[in-house]
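Report on the structure given below.
Read-outs throughout are calculated quantities, based only on the coordinates presented, and are distinct from any laboratory measurement. This one's a predicted model, so the numbers in the text were calculated from it and none came from an experiment. Here the Cβ positions follow ideal geometry from the backbone for every residue, glycine too, while neighbour counts run over all protein chains shown.
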Amino acid sequence: MESIDVLMLCPMISYLEQELDRRFNVLKLWTAPEKSQFIKDHSATIRAIAGDGGHGADAEMIEALPRLEIVSSFSVGVDKIDLEKCREKGIRVTYTPDVLTDEVADLAIGLIMAVLRRLCESDRYVRSGKWKKGDFKLTTKFTGKTVGIIGLGRIGMAIAKRAEAFNCPICYYSRTEKPDTKYKYYPSVLELASNCEILVVACSLTAETRHIVNREVMNALGPKGVLINIGRGPHIDEPELVSALVEGRLGGAGLDVYEHEPEVPEELFGLENVVLLPHVGTATVETRKAMADLVVGNLEAHFSNKPLLTPLV
Amino acid sequence: MATEDNEVEDHRPLVLIHHLPSFKLPLQDRLITHFRLFDSLASPEASSVRALMCVGPTPVTADTLDRLPSLRLVVGSSAGLDHVDLAECHRRGIAVTNSGDAYSENVADYAVALLLDVLRRVSAADRFVRSGLWPQMGEYPLGRKLGGKRIGIVGLGSIGSEVAKRLVAFGCTVAYNSRNKKPSVLYPYYANVHDLAVNSDVLIVCCALTNETYHIINKDVLTALGKEGVIINVGRGALVDEKELVQFLVQGEIVGAGLDVFENEPNIPKELFALDNVVLSPHLAVLTPESFEALNEVIIANLKAFFSNKPLLSPFQQE
């Protein structure tokens, strides 16, 4: 298989790079001085792409690679891959579901708690020496708060299960109501936001879900409401989010993703009711390795004519 | 001219509010409806008062008790009662109550929050983003998975049980150490903290501070916990040998720690300020309005029960 050309779109954990290097001829796109030229130069031989949540194959790239057979993504989010084009051309697409579900759900709860109990702020308080001058303020209890989840897929369900252990009533919005859950369904995000205290974005990013959390939704969530985003930055209208937080129309936010990563609106840096993380939803040693194994495993399976491990297309 | 109001007798029982000058607790308004209050040991009422409400960590010593010859009840407003001379109270036949379950959920929430913060580097990563480093440095160092971790709970009381219930939902397994094995509990029991540490990835300290539990987390336990270990302390600072813990953290001999309490609050070993593998919190696991609401209920219930000769709601029990 060493003769098979795999186009790697961006740097990823070294374990993954090593494992790909051992099996394939890896072409590292980010090292090229001129990317489109690089793709042209290798277009006759590239048979696979390895990308991640932030780097996928759009229509242009797919058209430029006539021998492309498979796109293997180091992510569960595939909004950067033109899935329609792949289907049209019979190109397989694999991703990394399930192995990261728990990790992302854990982080959602971690974000909720950090915002409600002001963990980051109180840690700063201690480190700056302020504790010697006086006690910190009261914060808000998590147990028993109503949690609203946008998107009750694998990750949404895992978040619900954890929140239930804190006696939180759960409600949700999904494209369609799920018949076999006991959680309360709302047919719109606006109604969901009006009826919960903590709103978590856990759906996939599509044309329909872009800016699914807009000004109206944030106003409905309200000055005591907390918004958590572990989905994709574009799920939330970011400029509206900033003004809602600055003006106090929204009580707080825990964000792992942003519209233009790694850029984060600077107005948020001064706010104490916000927790800002650098897209670390899956960022543990254990989970990144499991994801990498799936990327490699899927490519190996494809090129040995075996069934794909985790195909999406 | 006397009115009818002035002729109505005050049947409210008398309660001494025992507090440090600087320490306030938002309870008094509710208590006044049920009880007559005073707050000085020098008052003549000290000789007849039968119940004392202890605000925060105000010490109740043998000397205090000497000045209250009729005292039969000490109502604490915290889960921990290490500031009360329990042996003296027992000797004099004085019952003691604590905050019962009022704080348990909040403290359990907080223990889980600290653990998630340590493993997933939440506070450290937030600092990273706010410093503007993300665009420059790209990735942030990886954290560690919570699911599958073996949680060792030191003290499976009301708080410890709530912690266990929450962490099971994250896919963790739970074992515990307590003074005595609890027959109705299914989690594996270890008779001492060393053995618990050997079989755990995380130790969560939720027990009361007594002579026996002083420095219960010591060098031996930290070594047994191992290099992948995490310590979470929501009990009392003195449950942990702080000097040893600092060494372990500085040398990287354990993965990290989440600490809400310290041996000499509000002073904190300055070596900790430079570390990213520790989350520091100014003793606020209980500080929510909901806690104080629940605390009010417990305090009033205990006092009412006492004055009507009914069983107390939350008599202090060692775990």
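Brief remarks follow.
- Based on Cα contacts under 8 Å between residues 6+ apart, the stretch B:203-261 shows a relative contact order of 42 percent.
- The GluC sites (Glu not before Pro) of the stretch A:1-99 meeting both criteria, a DSSP state outside H, G, I, E and B (loop) and at most 10 other C-beta atoms within 10 angstrom of the site's C-beta, are A:GLU2, A:GLU34.
- Rounded if a/c under 1.5, otherwise prolate or oblate - the protein assembly as shown, Cα gyration tensor axes: prolate
- Percent of Cα pairs exceeding the 21 Å cut-off, where the set is the stretch A:197-313: 47
- Set A:LYS178/B:LYS165; A:LYS130/B:LYS270; A:LYS133/B:LYS270; A:LYS141/A:LYS161 screened for pairs whose C-alpha atoms are more than 21 Å apart: A:LYS178/B:LYS165
- Straight-line reach from A:LYS145: taking Cα to Cα under 19 Å and skipping same-chain neighbours fewer than 8 places apart, the aspartates and glutamates in range are A:ASP106, A:GLU164, A:GLU191, A:GLU197, B:ASP101, B:GLU105, B:ASP109, B:GLU162, B:GLU290, B:GLU293.
- Shielding by partners for peptide A:121-133, expressed as the average number of C-beta atoms from other protein chains within 10 Å of each residue's C-beta, is 6.
- For A:MET113, B:MET137, the sequence from fewest to most other C-beta atoms within 10 Å is B:MET137, A:MET113.
- Extension gain from A:GLU164 to A:THR45, taking 0.36 nm per residue of separation minus the Cα-Cα distance: 37.7 nm
- In a fully extended conformation the segment linking B:ARG72 and B:ALA87 would gain 4.0 nm over its present Cα-Cα distance, using 0.36 nm per residue.
- Estimated from the Cβ-Cβ distance and a Förster radius of 22 angstrom, the FRET efficiency linking B:ASN218 and B:ASN277 is about 0.65.
- Average other protein chain Cβ within 10 Å of Cβ, residues B:282-294: 5
- Contact order normalised by residue count of the stretch B:83-169, Cα under 8 Å, 6+ apart, percent: 40
- Beta bridges assigned by DSSP with both partners in the protein assembly as shown are antiparallel in approximately 5 percent of cases.
- Area projected by the alpha carbon convex hull of chain B, averaged over all directions, nm²: 20.7
- Diagonalising the gyration tensor over the Cα atoms of the stretch B:149-194 and scaling each eigenvalue by 5 before taking the square root yields semi-axes of 16, 11, 9 Å, largest first.
- The trypsin sites (Lys or Arg not before Pro) of the stretch A:16-122 that DSSP puts in a loop, and whose beta carbon has at most 13 other beta carbons within 10 Å, are A:ARG67.
- Distance between modelled label sites at A:LYS182 and B:LYS182, nm, 7 Å Cα→Cβ extension: 2.3
- Here A:LYS28 is the anchor, and the lysines within straight C-alpha reach of less than 28 Å, apart from those fewer than 8 places off in the same chain, are A:LYS40, A:LYS80, A:LYS85, A:LYS89, A:LYS289, A:LYS306.
- Projected label points at A:THR31 and A:GLU261, each 7 Å from Cα along the beta carbon direction, are separated by 2.5 nanometres.
- Residue among B:SER161, B:SER99, B:SER77 with the largest mean-square fluctuation in a Gaussian network model of chain B, springs linking Cα atoms under 10 Å: B:SER161
- Average other protein chain Cβ within 10 Å of Cβ, residues B:135-144: 5
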